[in-house]
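The values are calculated or read from the model by the stated rules, or taken from the named source; none is laboratory data. What you are looking at is a predicted structure, and each value in this text was computed from that prediction instead of being measured. Please note: Cβ atoms are built from the backbone with ideal geometry, for glycine as well, and neighbour counts cover all protein chains shown. Protein only, heavy atoms only, side chains kept; ligands, DNA and RNA dropped before computing areas. Shrake-Rupley method; radii C 1.70, N 1.55, O 1.52, S 1.80 Å.
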Amino acid sequence: MRWRTFFPYSVLGGIGWIAVCVFAGYYFGNLEFIKGHFELVLLTVIAVSCLPVVAEYVQKLRLRKNYQKKLP
């Protein structure tokens with residue numbers, strides 16, 4: 001992709017992400033449940049963020065186990 005095409009879309013994408021994150025933070029930050037249980041919400045976000053790593057690890061273990069079964 002040429003620079004002249006890429007740059008405006010990159011800037012618009014960055015502005016869009018900033019707007020979404022700021023407004024979502026403002027909206028969710030004003031909810032009483034979020035205010036009262038912020039640690040729980042934060043731990044939930046961290047746990048959900050770690051799920052792909054755990055899923056990949058489990059998949060690798062399964063593949064390794066299946067591969068070892070096929071060896072003589």
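One decimal place: the segment TYR67-TRP17 gains 13.7 nm when fully extended, by the rule 0.36 nm per residue minus the C-alpha distance.
Projecting the Cα atoms of TYR67, PHE28, PHE38 onto the charge dipole of the chain (Cβ charges, centred on the Cα centre) puts TYR67 farthest toward the positive pole.
Take the solvent-accessible surface of the protein heavy atoms, probe 1.4 Å, and return the percent of it on the chain that carbon and sulfur atoms account for. The C+S portion of the solvent-accessible surface of the chain is 71 percent. Applying the Karplus relation 6.51 cos²θ - 1.76 cosθ + 1.60 with θ = phi - 60° to region 40-54 yields 3J(HN,Hα) values of 5, 5, 5, 5, 5, 4, 5, 5, 5, 5, 7, 4, x, 5, 5 Hz, where x marks Gly and Pro.
Rounded to 0.05, the FRET efficiency of the ASN30 and PHE6 pair, given R0 = 22 Å and the Cβ-Cβ distance, is 0.05.
For region 13-72, taking the reciprocal of the average inverse distance between every pair of different Cα atoms yields a Kirkwood hydrodynamic radius of 15.0 Å. Relative to the dominant Cα principal axis of the chain, helix 3-29 is inclined by about 80°.
About its Cα centre, how strong a charge dipole does the chain have in debye, to the nearest 20, once Lys and Arg get +1 and Asp and Glu get -1 at the Cβ?
In debye, rounded to 20, the chain gives about 760.
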